[in-house]
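Report on the structure given below.
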Amino acid sequence: MYLSHILNFKNLASRASIALFLLFLTFNSFAMQEIEAEKTIIEIEEGHVSHDEKFDPTVTILEHIGDSHGWHLWGHTSIPLPVILFTPNGLDVFSSSRLFDEHHNPAPYNSGKNTYLLAEKHIKILGADGQVSEELSSGVYDFSITKNVAALFISIIVILLIFVSVAGAYKKRVGKAPKGLQSWVEPIIIFVRDDIARPNIGYKFEKFMPLLLTIFFFIWINNLLGLVPIFPGSANVTGNIAVTMVLSAVVLVVVNLNGNKYYWAHIFKPDVPFWLLPIMWIVEIIGVFSKPFALMIRLFANITAGHIIVLSLISLIFIFKTLAMAPVSVAFVLFMYVLELLVAFLQAFIFTMLTALFIGTAVEEHHH
Amino acid sequence: MELVTPSIGLVFWTLVSFLILLMLLKKLAWKPVLAAIHDRERSIEDALNKAELARAEMSRLSTENEALLKEARVERDQILKEAKELKDQIVAEAKNAAQTEGAKLIEKAKIEINNQKIAALDEVKNQVASLSLEIAEKVLRKQFDDKQKQDALVSDLLKDVKLN
């Protein structure tokens, strides 16, 4: 009975992954149509202004992988998001739609405290002369719910829904074989426990399981949502350096708070001649920070690179200005998407694995 | 450069939401889930151990049974053998008894036959004697019917006597 269950799970998994691929394929073609339509509209709109403006893939791509105030859905439709600013004149909260005029171009907005203008995706304060004042703008701290923050909240809701319901299933089906969503999640939880936490951390692994599982599923689900080209995906959360920085900062704090005397002794009293100690201190302290720093860069670069490649391949159609390019692009993009699905899992795995490894070196008890 | 510059807002919100997520998941999901998985694994392990024990017990019982069976078989053979011996003994005894009884009967019969034979012979002897006497009487009567013959006889007898 047990075996048949496993087989059933594999069968389900393969079916679901095929379904997922097909889904991405569909979404992808939607996204392409969308971009195409958008471009056509822009071309039509700008047609009477100038015919010379060339399609610049760099701008488009950076726009897509970057953050923004407001969540662009299609054409000229976007979801306005709250803008929260700490300015020298006090807290200012307003809708991001106020930063655009009826033609969806950035326009100055006077909130009563300051006059704001969205310049190069940053909210700047306009001086009395109607020009951007860098001096006043430097005092603006932007805590807006941007597209990435909104996507982050959505992903957190998704994660909570999944795992709270799974936990419910565990409470309801005590001692029974997993079923449904539970049987999807359980092998991964066991994978994190038996293949990531236990071999790297040792017998103290149980204390760090919540952190490792949270990191793993947070990265993985955000990676996957980032691959979905329409709302509520499309945001590049794990490909944003701020997000990866926070994750690796958490790792840095956890690793060093749990470092035992052997860990600190290894840093401050390494087994070298005394005159080498100052150099070793520098090297070791750089090492303490460079490990999480590498985590930050790795995740950010991998996810961003994947998005850039997919967007570049789609941009080929607009660079060559021919629909004949579309099948080639679609074929390559499909390939990239399959690869990205793998990368999404792989990066979550590597991040968690290295976190476990760093924690392992910090809590390891060894005697020199 | 824009790409690798973390914006303070996103850093703040990510930190806040990640920590909240971590706490919520730890409390609502990971603790019960990991405990449940652990318990289930332990119960499966227990069940497997118990199954192993039960199997050992079974094999022990089966060897015991086999031994018992063997013993029973030996005992049965023993009983059968004893029964056979008893039977043989009884049959032999019966045979012996029958033989002696028969011999006795035969002896008795022989004696009886002998007695009967003797009685019969006696009777035959008596018959023969009386018959002989009768015949002799008859012959004598015949002989002495004729006077001449009596004289002849007497002369004959006398002749013999003279010769002597």
Phi to ³J(HN,Hα) by Karplus 6.51 cos²θ - 1.76 cosθ + 1.60 over the range A:225-241, Hz, x for Gly, Pro: 5, x, 7, 6, x, 10, 3, x, x, 6, 7, 9, 5, 6, x, 10, 5
Solvent-accessible surface ranking, highest first, for B:ASP88, A:ASP142 at 1.4 angstrom: B:ASP88, A:ASP142
Sum of -39500 (n - 2.57) over DSSP H runs of 4+, divided by residues of the protein assembly as shown (222 nm, nearest 500): -25000 deg cm²/dmol
Cα-Cα over 25 Å, subset of A:LYS171/A:LYS207; A:LYS171/B:LYS27; B:LYS81/B:LYS104; A:LYS124/A:LYS147; A:LYS121/A:LYS321; A:LYS172/B:LYS27: B:LYS81/B:LYS104; A:LYS121/A:LYS321
Cα centroid of the range B:123-161 to Cα centroid of the range A:165-185, whole Å: 149
Debye-sum result for the protein assembly as shown in log10 I(q)/I(0), which assumes one identical scatterer on each alpha carbon, at q = 0.05, 0.06, 0.07, 0.08 Å⁻¹: -0.41, -0.52, -0.62, -0.74
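Using a ≥ b ≥ c from the Cα gyration tensor of the range B:2-163 (square roots of the eigenvalues), is it rounded, prolate or oblate, where a/c under 1.5 gives rounded and otherwise the larger of a/b and b/c decides, a/b for prolate?
prolate
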Spatial separation of Cα centroids for the range A:83-126 and the range A:245-279, in angstrom: 45
Protein accessible area in the protein assembly as shown, 1.4 Å probe - carbon and sulfur %: 66
Relative packing of A:96-105, B:153-162, B:23-32, which averages over residues the other C-beta atoms within 10 Å, highest first: B:23-32, A:96-105, B:153-162
Candidate residues A:TRP220, A:TRP275: accessible-area rank, largest first, probe 1.4 Å: A:TRP275, A:TRP220
Cα-centred dipole magnitude for the protein assembly as shown, charges only on beta-carbon of K, R (+1) and D, E (-1), debye, nearest 20: 2380
Average accessible surface area per residue within chain A, 1.4 Å rolling probe, Å²: 52
Rounded to the nearest 10 Å², the accessible area of A:GLU134 at probe 1.4 Å: 110
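List the equivalent ellipsoid semi-axes of the range B:27-71 in whole Å, largest first, each obtained as the square root of 5λ for an eigenvalue λ of the Cα gyration tensor. Let's see the in-between values first.
Values: eigenvalues 361, 4, 3 Å².
Each semi-axis is the square root of five times an eigenvalue, giving 42, 4, 4 Å.
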Nearest-10 value in Å² for the accessible area of B:VAL74, using the 1.4 Å probe: 90
J(HN,Hα) series, the range A:103-116, from Karplus relation 6.51 cos²θ - 1.76 cosθ + 1.60, nearest Hz, glycine and proline x: 9, 6, 9, x, 9, x, 9, 9, 8, x, 9, 9, 10, 10
B:LYS117 accessible area, assembled protein chains, probe 1.4 Å, Å²: 120
Degrees between helix A:325-363 axis and first principal axis of chain A (Cα, 0 to 90, nearest 10): 40
Complex-versus-alone comparison for the range B:13-28, residues with a loss of 20 Å² or more in accessible area, probe 1.4 Å: B:TRP13, B:THR14, B:LEU15, B:SER17, B:PHE18, B:LEU21, B:LEU22, B:LEU24, B:LEU25, B:LYS26, B:LEU28
Along principal axes, Cα extents of the range A:178-235, largest first, whole Å: 43, 26, 15
Within the protein assembly as shown, percent of DSSP bridges classed antiparallel, to nearest 5: 100
A/B buried area, accessible surface, summed, 1.4 Å probe, Å²: 3600
Centre separation in Å (Cα based) which lies between the range B:32-111 and the range A:192-241: 68
Cut-off 11 Å between beta-carbons: net charge of the residues surrounding B:ASP156, Lys and Arg +1, Asp and Glu -1: +1
Average beta-carbon neighbours from other chains, 10 Å sphere, peptide A:165-178: 4
Farthest toward positive dipole pole in chain A [+1 Lys/Arg, -1 Asp/Glu at C-beta], among A:SER137, A:SER290, A:ALA265: A:ALA265
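For the range A:82-142, divide the Cα radius of gyration by the Kirkwood radius and give the resulting Rg/Rh value with two decimals.
Result: Rg/Rh = 0.92.
The values are calculated or read from the model by the stated rules, or taken from the named source; none is laboratory data. As the structure is a computational prediction, the values presented were derived from the model and not from experiment. Every residue, glycine among them, receives a Cβ derived from its backbone with ideal geometry; neighbour counts consider all protein chains shown. In case anyone asks, the SASA skips ligands and DNA or RNA and just uses the protein heavy atoms, side chains included. Shrake-Rupley method; radii C 1.70, N 1.55, O 1.52, S 1.80 Å.
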